[in-house]
Amino acid sequence: MTRAERVWQLLTTSFSQILIPGLEVTIPLTVISFVFGLIIALLTALVQVAHIKGLRSLARFYVWIFRGTPMLVQLYIVFYGLPKMGLILDAIPSALIVFSLNTGAYASETMRAAIEAVPKGQMEAGLCAGMSYTDVMFRLILPQALRTAFPPLSNTLIGLVKDTSLAANITVTEMFLAAQRIAARTYEPFVLYCEVGVLYLLICTVLTRLQRICEKKLERRGPRAA
Amino acid sequence: MLLEINHIQKSFDNLAVLKDVSLKVNSGDVITILGRSGSGKTTLLRCLNFLERADKGDMLFDGTHYDLHAAPKSQIAALRKKTGFVFQDYNLFINKTALKNVTEGLIAGHGMKRAEAEDIGMEMLRRVGMAEKRDSYPHELSGGQQQRVAIARAMAANPRIIFFDEPTSALDPQLVGEVLAVMRSLAEGGMTMMVVTHEMNFARNVSTRTVLMHEGEIAEEAPPSEFFTHPRSEAARRFLSLEGK
């Protein structure tokens, strides 16, 4: 067998061995963390713009911690550190918690900025039309803010796809760890790491396409705020 | 008496914007509030709807007493359901059609059924001549059209009074007329209105009373026929000579 043939065979057999953890772990990890992250982000942004006193400082503290420390360190603390404190979590829940909280911290700043970019007059007009603060926020301000926040939030999602590879460090068998194991076995790191890189690229390309389609749909309903 | 404002005071930082303003408004009155910029007229309107919190003062509106500094949220919410507010820069809901701009408050604020709200909404749009634009978004409308929709929105819940904060100041000159015409027909229909404006002709021809504000106080209050021909105060004389009549 020539070298080229061997590489080709390796690529074809390893493809499914990397793709399956991708479909079973990387993508669910990304999607679930992103959804939880968005919920956390929305709450974190809302308590800040609504000036709810105690919660506001708590939100700032949370954002400060999670934006200011490496995600890898956070993963190590939760997976390797917390058991020493008596809290034992499996690898996947650990990764979910860290990715959600991390996404929440970054996305909350995006949402806060987007909410603050909605002209102040929108809230005043809503209140004067007889609506409550909460009604105006959920029916008028947030839908407008979402449009502004959509492109940067898509960015966060695409970033998260790649960041899930960090979970390899805490024994989560996602795409990168799967590739790493095959590379160690076959002594073909160049081939395997390029292959897994291409798979990440594929997922991100699909997401970018989806983002463009969604943006077009949002665009049809008038311009963004600000 | 519909509205009685007593000794309202408001400062921003150390600048006293309203020094001690009292005013009475009867049902059906159309009161124009004139004055140079910075005289406190917009702040006065905004305090009445609690868009700004006054430092002091109270008011009696439609039989209810309000502390303009310390009124509780529930009271403010109830007050806003009985008043309309028209802004200088329209503030139409950017992501809603003309019709939805009118119905949103009826549905979410006043608990009305959608069908009923839409009937009222269409009726209001007809009255301001905007019925055929019901499905247009604000960015598809001219300034004058946006302001007419905003007036329809302010009228929709059948308020006891509508506050107008310089409703034509942001408009191109050729669009001012259509908005003033709508306001005039509202006034003729008996709506109680407080209008902060620079439109001297509107003040002269439509209002029942003219109030001149000067440095945070009411300098003069008179029917327009008197105000424009025999101003009593020095501030009014100077204001009228600067306004070119």
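Tell me the net charge near residue A:43. Cut-off is 13 Å between Cβ atoms, residue A:43 excluded, with +1 for each Lys or Arg and -1 for each Asp or Glu.
So the environment of residue A:43 carries a net charge of +2.
Please work out the FRET efficiency for the pair residue A:207 and residue A:24, using the Cβ-Cβ distance as r and a Förster radius of 25 Å; give the result to the nearest 0.05.
Using R0 = 25 Å, I get an efficiency of 0.85.
My understanding is that a pair violates if its Cα-Cα distance is over 24 Å; which of A:120/B:19; B:10/B:100; A:53/B:73; A:53/B:19 do that in this structure?
Long pairs (Cα-Cα over 24 Å): A:120/B:19; B:10/B:100; A:53/B:19.
State to the nearest 20 debye the size of the charge dipole of the protein assembly as shown about its Cα centre, where the only charges are +1 on K and R beta carbons and -1 on D and E beta carbons.
720
Per residue of chain A, what 222 nm ellipticity follows from adding -39500 (n - 2.57) for every DSSP H run with n ≥ 4, rounded to the nearest 500?
After summing the helix terms and dividing by the residues of chain A, the value is -25000 deg cm²/dmol.
Starting from the Cα coordinates of the range B:36-89, work out the convex hull volume and express it per residue in Å³.
Convex hull of Cα atoms, per residue: 94 Å³.
Under the √(5λ) rule applied to the eigenvalues of the Cα gyration tensor, what semi-axes describe the equivalent ellipsoid of chain A? Give them in Å, descending.
After diagonalising the Cα gyration tensor, the semi-axes are 40, 23, 11 Å.
Could you order A:217, B:96 so the one with the most accessible surface comes first? Probe is 1.4 Å.
Largest accessible area first, the residues go A:217, B:96.
Counting Lys and Arg as +1 and Asp and Glu as -1, each charge on the Cβ, what is the dipole of chain B about the Cα centre in debye, to the nearest 20?
Dipole size: approximately 300 debye.
Can you tell me the dipole magnitude for the range B:182-241 around its Cα centre, using point charges on the Cβ only (Lys, Arg +1; Asp, Glu -1), in Debye to the nearest 20?
Its charge dipole is roughly 180 debye.
Out of residues 5 or more away from residue B:213 or on other chains, whose amide H comes under 5 Å of its own, with H placed 1.01 Å from N in the peptide plane?
Residues meeting the amide H criterion: B:34, B:35, B:219.
Quick one: with all protein chains in place, what share of the accessible area of the protein assembly as shown is carbon or sulfur, to the nearest percent (1.4 Å probe)?
Summing carbon and sulfur atoms, their accessible area is 58 percent of the total for the protein assembly as shown.
So how far, in whole Å, is the C-alpha centre of the range B:106-182 from the one of the range A:51-82?
Between the Cα centres of the range B:106-182 and the range A:51-82 lies a distance of 47 Å.
Run the reach check for residue A:216 against lysines, Cα to Cα strictly under 22 Å, same-chain hits fewer than 8 apart removed. What comes back?
Leaving aside lysines fewer than 8 places away in the same chain, those within reach of residue A:216 are B:96.
In square angstrom and rounded to 100, what buried accessible area do you get between chains A and B, total over both, with the probe at 1.4 Å?
1900
Given H placed on each backbone N at 1.01 Å, which residues far from residue B:30 in sequence or on other chains put an amide H within less than 5 Å of it?
B:193, B:208, B:209
Given Cα pairs under 8 Å that are at least 6 residues apart, what percent is the relative contact order of chain A?
Over chain A, the number comes to 28 percent.
The values are calculated or read from the model by the stated rules, or taken from the named source; none is laboratory data. The shown structure was predicted, so the numbers you read here are calculated from the model rather than taken from an experiment. Cβ: placed from backbone, ideal geometry, glycine included. Neighbour counts: every protein chain shown. Please note that ligands, DNA and RNA were not included when accessible areas were found on the heavy atoms of the full protein model with its side chains. Shrake-Rupley method; radii C 1.70, N 1.55, O 1.52, S 1.80 Å.
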